[in-house]
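Novice: I have a structure I would like to understand better, so I am pasting it below and will then ask my questions one at a time.
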Protein chains: 2
Amino acid sequence: MAKDKKLVTAITDMEQDFPQWYTDVVKKADLIDYSSVKGCMIIRPYGYAIWELLQKQLDEIFKSTGHENVYMPMFIPESLLQKEKDHVEGFAPEVAWVTHGGETQLQERLCVRPTSETLFCDHYANIIQSYRDLPKLYNQWCSVVRWEKTTRPFLRTTEFLWQEGHTAHATAEESEAETIKMLNVYSDFCRDILAIPVIKGEKTEKERFAGAKSTYTIESLMHDGKALQSGTSHNFGDGFAKAFGIQYTDKDNKLQYVHQTSWGVTTRLIGAIIMVHGDNSGLVLPPAIAPTQVVIIPIAMHKDGVVEKAQELTSRLSKIARVKSDVSDKAPGWKFSEYEMKGVPIRLEVGPKDIENNQVVLARRDTGEKIIVSMDELETKIEELLNAIQANLLVKATQNRNSKTYSATNLADFEKILNETPGFIKAMWCGDKACEDAIKEKTGATSRCIPFEQEEIADTCVCCGKKAKHMLYWGRAY
Amino acid sequence: MAKDKKLVTAITDMEQDFPQWYTDVVKKADLIDYSSVKGCMIIRPYGYAIWELLQKQLDEIFKSTGHENVYMPMFIPESLLQKEKDHVEGFAPEVAWVTHGGETQLQERLCVRPTSETLFCDHYANIIQSYRDLPKLYNQWCSVVRWEKTTRPFLRTTEFLWQEGHTAHATAEESEAETIKMLNVYSDFCRDILAIPVIKGEKTEKERFAGAKSTYTIESLMHDGKALQSGTSHNFGDGFAKAFGIQYTDKDNKLQYVHQTSWGVTTRLIGAIIMVHGDNSGLVLPPAIAPTQVVIIPIAMHKDGVVEKAQELTSRLSKIARVKSDVSDKAPGWKFSEYEMKGVPIRLEVGPKDIENNQVVLARRDTGEKIIVSMDELETKIEELLNAIQANLLVKATQNRNSKTYSATNLADFEKILNETPGFIKAMWCGDKACEDAIKEKTGATSRCIPFEQEEIADTCVCCGKKAKHMLYWGRAY
C-alpha cells in the first residue's frame, strides 16, 4: 500500500498549484517527455494515441465535408513569406531560419513554416485558372514552428502538431460561409468528442490573425478559470489572392480574384482535455478519445482461473471497446492508481468471488462510483456507461464553465472578479482598441471574442463609459 | 475526340524516354506539383490519398506487431548529432541548419532531422532503467530533410515523408530478430499491397547506414531496368547505446547496454509503384492502394435515367469498394483517358442500352480487357476483378523483374548487359571494397545487396578473379 499512496500523493493538489498539477499530470500520465531541444517536447505513446484518435475523427469530418489532404514543403523562402505585408509582420519575428544546407550557405534564407498560407497561395496561383477549379478545399496535417520564449507542454511549444485547412472560393459569400462552417465543425467536435463546451465568436481587430479580414475563434475555460483559445477560423477575403495573383476566369470570361480561408486546431486540444476534465487523481479522458476505454484488473491473480477470465473478457470486450488488461505482477492498488492517473474511463475488476457470482465490478473514473454487473450483460452495461461518462463530462465541464462566467459593468468589479474568482468575464466594449489595451494593462485579461450570442449587459463600455458596441468575453488566457 | 487524343499523346513514350515519361505521369496524374522551394515537392490530393492508404495499412501492421507511435522534435542540436561518430560523419554534410530564431542568433545550431536516431537515443537514455522497460518498440511518421543536389519527385527530394521505427532490446539476438522481422514486414507489404516483388538481402559495408552494425534492404526493379532501394532495416548493436549511455539493470542487477534497431520506408514507394506498374497510358495502381478502385462513367448522359443509374451504382458499390462516378459534362473519351492516366483499376461504363439489358461494361486498367456483367452480380464480379488485378500486377512485375535479371562472371559481360539490357546483375564478389569501387567506377552499377538466397554462379570474384565470398545483386540505381 505504501507504493499506492506514493503514487497518489505524488501529484500536486490542483487547488493548491494548478500549473504544477498540470506539469505533474503530463509527466506521470506518460503523455510527454522533455527533450534536449529547447521548447520542444516528445509526445510519448500514450499522448500520441490520444492525438491519433482526435486526428482520425476530425479527419473523417473534414473528408465528409469535401476536404482533401495534401502535403506542402516545410520550408518557406524568405521572399515568399514577404509577399503579404501583414502576414510577414506577424510571423517574421517568431520563425526559425535555415541558413545553411550542409556546408553551403543558402542564397536565400528559408523559414520553417509557422503556418502555410504563403505556400498554399503560391500553389493555388499555379493550379487555379477557371471557375471550374473552385472551390479548392485543402487540408494538411503537419508540424509547425514558432519561436516561443516561454513554453508549456501541449499549450505552447516551439514545434507543435496541427492541421491547417486552406480553401479558395469564387465569392466573398462562399469564403465567409466556409469560415463559419469550419468554426462550427470545431465547436461540435469539442462538444461531442472532447466533451468541452466552447464559446463561439469573432476576435477583435487586435487579436486577429496576421493577414485576415476576420478571425473567428472557439474559446474554452479551464478548471482554474483561465481561458484557452482552442481553434480559429480565418476569412482572408481577397487579400492574399491580390498579393499572390490568384485569379480565375468566371463564367462571363472575366478575371476575378479568389476568396480564401484558413482554419486550424493543434495538439493544444490535449492540454484543454487535461485542464478541463482532470482531477487530483490525474487525467480524466472522454471515452471518445481514450486510447484505453476499459482496463481489466484481475484481483487475487494467483487464484485459479482469474488471469484466464481477465484475458477472456479482454478478447470478448475488444469487439465493442478499446480494452486492455493488466496482468503484470504489480498490486491491484498500484494498478488502480496508475489507470486513474491515465484517465481510463472504466476499470473492470474481476476476482475469484466475482467469477463465482458470474459478475464483475465496474468503477467509473469520472465519479468514482462502483457498480456490480452480471457477466451476461457486460456489453450493454459498458456501452451505456461509456456514453454516460462522455455525457457527464460535458455536463460537468459546462457547469464549471457557467459557474465561472461573470458579468462586469465597471473596471473595479472586473478586476476584483478576476483576482478573487478567475473565469470568463462578460463586459460591454465601445469598439476602441485603446480600451482593449487599457483593460489588458490593468487586469491582465485579454479579449477572448465577440460572441455570436450577444447579451445587453449594460449600455456603456466597461472601460471608458462611452456607448457600447459589443458584449465581449474576457479572461486571463493560456 | 481531339481532346482525348491530346491527353493520350501528351505523355512521352516510356520506351523512348523513361525519365520524361515518369515526369509526365507524376504531373498529369495530379500526384505532385513543383514548389518554390528548391528540391521540395507538393503532394497533391491524389498523390497524398495513395500515401494515406499506404500509411494506414502499414501502420496497422506495425501496431499488430506491438509497435507504438510517438512524435519527436524535428530539430536536433548539433552536439546531440555529434554523439555517435559514424552517424554524424554520414549525415552532417547533408543537413539543413537552423541558425536563427526570429531575430536572434541561436547559441547552438539545430539541424532539421535527416533521421532521428540521436533523438530516440537521448529519450531512451531517459526512460529505460530496468529490463522491465524493454523492449521499446517505437515508430514515428514524419518528414525528414536531406540536402540533395539533384532531385526527382518521390524518388529523391530534399524533404520527404517517411516512417522511422526505432527499437531498443535487451540482447543482441533480439535486436537482430527485430531487424529481420521488420525487413520481412516491408517485403510482405510490397508484395501483398503494392504488388512489387523485392530482393531481400544485406548491404555491403560500403552501403551500410551511418552508425549501423548491419543494414538489410529490399531492392526492387523498375520497368526500365534500374534498381530502387525500397526500404531498409538496420541493426545498431550497442554502438548507439554506448555513445548515448543507454543502460538497463538486468535480472541479476547488472548494468547492460541495450541493443537497437531502426527501419524506414518513404514516399519513394510511390515512385516505385509508378515505375513498376505504369504504362504508356499513365499510372496503373494496385487496387489495395488505389484511392478510387472503380470509376463509373455514364455513357449518353443526356438520356433519361443514365445519370441516376450511375449515381445509384456509386452508392450501391461504395459498400464494397472505393468508388466514384464522373457525371461532369466532359466527353466519355476524355474521361476514359483521364482515369487511365490516374491508374484507376476498373472503369464501369453504363449507358441506355446497358440499362435496358440490365448490364454494365467493366474495363480493366491493367489489361485493357472489357467484360459485360449483369447488374445482378456486380458486387461479386468487381471483388473478383479487383483481386485478379492485384494478383496480375504482381505476376507481371515479377515476370519483368525476372526477365531483367542476369548473371555475369566477368566484367566485360557485366558491362555489356548493363548497357544493352539494363537490369539486376547477379555476380560473385570477393568481399573487397576495392572491387566494389572498381565495378561502380567502370560500370555505374552499385552493389544492391548480398541476397539471403545465395547462388553459386562462379567460384571467383567478377572483378578481381580471387576466390568469391558472396553472390551479390548489382544494378544502376535511382
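Coordinate-derived values only; no laboratory data. Here the structure is a predicted model, which is why all the values come from computation and not from measurement. FYI the Cβ positions are ideal-geometry reconstructions off the backbone, even for glycines, and counts take in every protein chain you see.
Novice: I want to check the label-to-label distance for A:K56 and B:E312. Put each point 7 Å from Cα in the C-beta direction and report it in nm to one decimal.
Specialist: 3.6
Novice: So what is the diffusion coefficient of chain A in µm² per second by Stokes-Einstein at 10 °C and 1.306 mPa s, using a Kirkwood Rh over Cα pairs?
Specialist: Estimated via Stokes-Einstein, D reaches 65 µm²/s.
Novice: If you don't mind, there's one more thing I want to ask. Helix B:306-317 versus the longest principal axis of chain B: what angle, 0 to 90°, nearest 10, using Cα atoms?
Specialist: 40
Novice: Also, quick follow-up: Helix A:332-341 versus the longest principal axis of chain A: what is the Cα-based angle in degrees, 0 to 90, to the nearest 10?
Specialist: Result, in degrees: 10.
Novice: If you place +1 on the Cβ of every Lys and Arg, -1 on the Cβ of every Asp and Glu, and leave all else neutral, what size is the dipole of chain B about its Cα centre, to the nearest 20 Debye?
Specialist: Approximately 600 debye in magnitude.
Novice: When each pair of different Cα atoms in the stretch A:127-172 is counted once in the 1/r mean, what is the Kirkwood radius in angstroms, to one decimal?
Specialist: 13.1
Novice: In addition: Measuring nothing but label to label, 7 Å from Cα along Cα→Cβ, what are B:K370's distances to the other copies in nm, shortest first?
Specialist: The answer, with the shortest distance listed first, is 7.3 nm.
Novice: While we're here: Can you tell me the alpha carbon radius of gyration of the protein assembly as shown divided by the globular rule-of-thumb value 2.2 N^0.38 Å?
Specialist: Taking the Cα Rg and dividing by 2.2 N^0.38 Å, one obtains 1.01.
Novice: Can you give the percent of C-alpha pairs in the stretch B:2-277 whose distance is more than 31 Å?
Specialist: That tail contains 31 percent of the Cα-Cα pairs.
Novice: Right, next: In nm, one decimal, shortest first: how far is the label point of A:H302 (7 Å from Cα along Cα to beta carbon) from the matching points in the other copies?
Specialist: Sorted ascending, the copy-to-copy spacings read 8.7 nm.
Novice: Take A:I372 and A:Q129, extend 7 Å from each Cα along the Cα→Cβ direction, and tell me the distance between the two endpoints in nm.
Specialist: Using points 7 Å along Cα→Cβ, the separation is 7.6 nm.
Novice: Given A:S130, A:W141, A:F120, which one lies farthest toward the positive end of the charge dipole of the stretch A:1-155, if we put +1 on the Cβ of every Lys and Arg and -1 on the Cβ of every Asp and Glu?
Specialist: It is A:W141, whose Cα lies furthest towards the positive end.
Novice: Kindly state, as a whole number, the per residue volume in cubic angstrom of the convex hull around the alpha carbon atoms of the stretch A:235-318.
Specialist: Roughly 181 Å³ of hull volume per residue.
Novice: What are the radius of gyration and Dmax of the stretch B:331-376, computed over its Cα atoms and given in Å?
Specialist: 11.0, 30
Novice: Could you give log10 I(q)/I(0) at q = 0.12 Å⁻¹ for the stretch B:362-478, computed by the Debye formula over C-alpha point scatterers of equal weight, without solvent?
Specialist: Each listed q corresponds, in turn, to -0.55.
Novice: Here is a further query. Under 23 Å Cα-Cα from A:K404, which lysines qualify once same-chain neighbours fewer than 8 residues away are excluded?
Specialist: A:K200, A:K203, A:K226, A:K396, A:K416, A:K426, A:K440, A:K442
Novice: Loop-only check: which GluC sites (Glu not before Pro) in the stretch B:391-476 are DSSP coil with at most 12 other Cβ within 10 angstrom?
Specialist: Answer by residue number: B:E453, B:E455, B:E456.
Novice: A further question follows. Once Rh is set to the Kirkwood radius over Cα pairs, what Stokes-Einstein translational diffusion coefficient, in µm²/s, holds for the stretch A:144-300 at a temperature of 25 °C and a viscosity of 0.890 mPa s?
Specialist: Roughly 139 µm²/s, to the nearest whole number.
Novice: Of B:N419, B:A434, B:S407, which is farthest on the positive side of the dipole of the stretch B:405-475, counting Cα position, with +1 on Lys and Arg Cβ, -1 on Asp and Glu Cβ, and the Cα centre as origin?
Specialist: B:A434
Novice: Charges at C-beta only: +1 for Lys and Arg, -1 for Asp and Glu. How large is the resulting dipole of the protein assembly as shown about its Cα centre, in Debye rounded to 20?
Specialist: Dipole magnitude for the protein assembly as shown comes out near 720 debye.
Novice: At most 10 other Cβ atoms within 10 Å and a DSSP loop assignment: could you name the trypsin sites (Lys or Arg not before Pro) in the stretch A:221-290 that fit?
Specialist: Sparse-neighbourhood loop trypsin sites (Lys or Arg not before Pro): A:K251, A:K254.
Novice: Once you sort the root eigenvalues of the Cα gyration tensor of the stretch A:170-255 as a ≥ b ≥ c, which label holds: rounded (a/c under 1.5), prolate (a/b larger than b/c) or oblate (the other case)?
Specialist: Verdict is prolate for the stretch A:170-255.
Novice: For the stretch B:120-225, what log10 I(q)/I(0) values come out of the Debye formula at q = 0.17, 0.24 1/Å, with one point per alpha carbon and no solvent?
Specialist: Log10 I(q)/I(0), no solvent term: -1.09, -1.50.
Novice: Putting +1 on Lys and Arg Cβ atoms and -1 on Asp and Glu Cβ atoms, find which of A:G239, B:T380, B:S175 reaches farthest to the positive end of the dipole of the protein assembly as shown.
Specialist: After comparing all options, I get A:G239.
Novice: Hey, for B:S315 with labels 7 Å out along Cα-Cβ, what do the inter-copy distances come to in nm, ordered shortest first?
Specialist: 4.1
Novice: Let's test this: bin the Cα-Cα distances of the stretch B:292-387 at 5 Å from zero up to the farthest pair and state each bin's percent.
Specialist: For the stretch B:292-387, the pair-distance distribution reads 3, 14, 28, 28, 20, 7, 1.
Novice: Quickly estimate the mean residue ellipticity at 222 nm for chain A, helices only: each DSSP H run with n ≥ 4 gives -39500 (n - 2.57), and the total goes over all residues, rounded to 500.
Specialist: That calculation yields -11000 deg cm²/dmol at 222 nm.
Novice: Can you return the aspartates and glutamates within cross-link range of B:K85? Criterion is Cα-Cα under 14 Å, with same-chain partners fewer than 8 residues away left out.
Specialist: Here the aspartates and glutamates satisfying the reach criterion relative to B:K85 are B:E117, B:D238.
Novice: Please list, by residue number, everything in the stretch B:179-203 whose backbone N is under 14 Å from a paramagnetic label point 7 Å out along Cα→Cβ of B:F452.
Specialist: Residues B:179-191, B:198-203 qualify, since their backbone N sits under 14 Å from the label point.
Novice: Return the loop-located trypsin sites (Lys or Arg not before Pro) in the stretch A:104-151 (DSSP other than H, G, I, E, B) with at most 11 other Cβ atoms within 10 Å of their own Cβ; answer none if there are none.
Specialist: Those satisfying the criteria are A:K149.
Novice: Here's another thing I want to ask about it. Among A:K213/A:K466; B:K149/B:K342; A:K181/A:K254; A:K136/B:K324; B:K181/B:K467, which pairs are too far apart, with a Cα-Cα distance over 24 Å?
Specialist: Beyond 24 Å: A:K213/A:K466; B:K149/B:K342; A:K181/A:K254; B:K181/B:K467.
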